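First comes the structure, then the notes that go with it.
The values are calculated or read from the model by the stated rules, or taken from the named source; none is laboratory data. Just so we're clear, the structure is a prediction, and the values are computed from it rather than from any experiment. Please note: Cβ atoms are built from the backbone with ideal geometry, for glycine as well, and neighbour counts cover all protein chains shown.
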Amino acid sequence: MNDILVKKGAVGITEIFPSPTVKKVIFQILYPNLFIIENRIGQLQLKIMEKFGESKLILRQQFFLADIGEGETPKMPEKSESPSRQIWQFHSGDKYALNITSKSLDISSNIHKSYNRGDGENFRDIIKYVLDKFMEDIKIPIIKRIGLRYQDEMPIFERNNEAMMKYYNTTFDIERFKFEEADAMVFTSAIKRGDYRLNYRENYRKVGDDWKYTIDFDSYAVDVKPDKYLDVLDKLHEIINIEYNDKITEKFKEHMRKGAA
């Protein structure tokens, strides 16, 4: 794949902050529908039990409207006619979770604050731990989509332009739509970064009695060779890391270094 296309001189975060903003990080791969997974899931369970000790099987019913002619009433198929989608779930308490279906695998974490830095186990380690064991028994011909998503909740110190601009480089047109005057603002973008893609969403809104300011990065690639997944994953993280660094100011980094509430 080609190099990532970024602004000249762009850099990412190079330190671990005591008070980071990430609330949830999600990894996912999509692959061709593989019926063999149902027969191999027990072997995988034994291999990952050390870290994912809790497990359960979920059956989700899928309903489809039958074809109808003009003037006819839509009819739902009988329950027995509707296929169920099996989801094998594995948990590590409330730390992180793994979901596997016949055509997808995802890992989500509410505790990991670092992708690949620090002395402890990071999110990249967990992904590699699961994927390497998964692909020992299940030979995926191609990864149709591989994605990494970060959801961050940014603190609001004061609800006005002057205060917000001290901490954030927002994408909102705040000269025209001021923070202190807005009831809600949403910005979404889907862009290319070389051979990679990035979906970005910025959201400012009131939830109950509180104001929330969130940013959401979803970086992904398509048609990836299974043995290259880790290299591509590192590139996806690099894209998100650079974009996140571009959204915050040095003053906000000082705030995260202090571990302030």
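When the range 178-235 is limited to residues that are in a loop (DSSP other than H, G, I, E, B) and within 30 Å of Ile143 (Cβ to Cβ), the one that is modelled with the highest pLDDT turns out to be Lys225.
Tyr167 meets each of the listed conditions (1) over 23 Å from Tyr204 (Cβ atoms); (2) at pLDDT 95 or above apart from (1).
Looking only at residues in the range 101-146 that are β-branched (Val, Ile, Thr) and assigned to a loop (DSSP other than H, G, I, E, B), the one that is modelled with the lowest pLDDT is Ile111. Inside the range 24-39, residues that are among the β-branched types (Val, Ile, Thr) and in a strand (DSSP E or B) make up a count of 3. For the range 243-255, a residue qualifies if it is surrounded by 19 or more Cβ atoms within 10 Å (Cβ to Cβ), assigned to a helix (DSSP H, G or I) and either among the hydrophobic types (A, V, I, L, M, F, W, C) or touching a Lys or Arg at 6+ places or on another chain (Cβ under 6 Å) (or both), and exactly one does: Phe252. Looking only at residues in the range 24-43 that are among the aromatic types (Phe, Trp, Tyr) and modelled with pLDDT of 95 or more, the one that is farthest from Leu98 (Cα to Cα) is Tyr31.
Screening Lys206 against (1) more than 15 Å from the chain's Cα centre (by Cα); (2) closer than 20 Å to Ala163 by Cα; (3) buried (at least 19 other Cβ atoms within 10 Å of the Cβ) leaves a single unmet condition, (3).
One line per residue, one yes/no per condition, for (1) free of Cβ contacts under 8 Å to residues at least 60 places away in the same chain; (2) surrounded by fewer than 20 Cβ atoms within 10 Å (Cβ to Cβ); (3) in contact with a Leu (Cβ under 9 Å, 6 or more places away or on another chain):
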residue: Arg85; (1), (2), (3): yes, yes, yes
residue: Tyr96; (1), (2), (3): yes, no, no
residue: Ser102; (1), (2), (3): no, yes, yes
residue: Asp106; (1), (2), (3): no, yes, yes
residue: Ile111; (1), (2), (3): yes, yes, no
residue: Asn116; (1), (2), (3): no, yes, no
residue: Met135; (1), (2), (3): no, yes, no
residue: Ile138; (1), (2), (3): no, yes, yes
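For the structure I just gave you, tell me whether Ile239 is part of a strand (DSSP E or B) and closer than 20 Å to Pro20 by Cβ. Criteria not met by Ile239.
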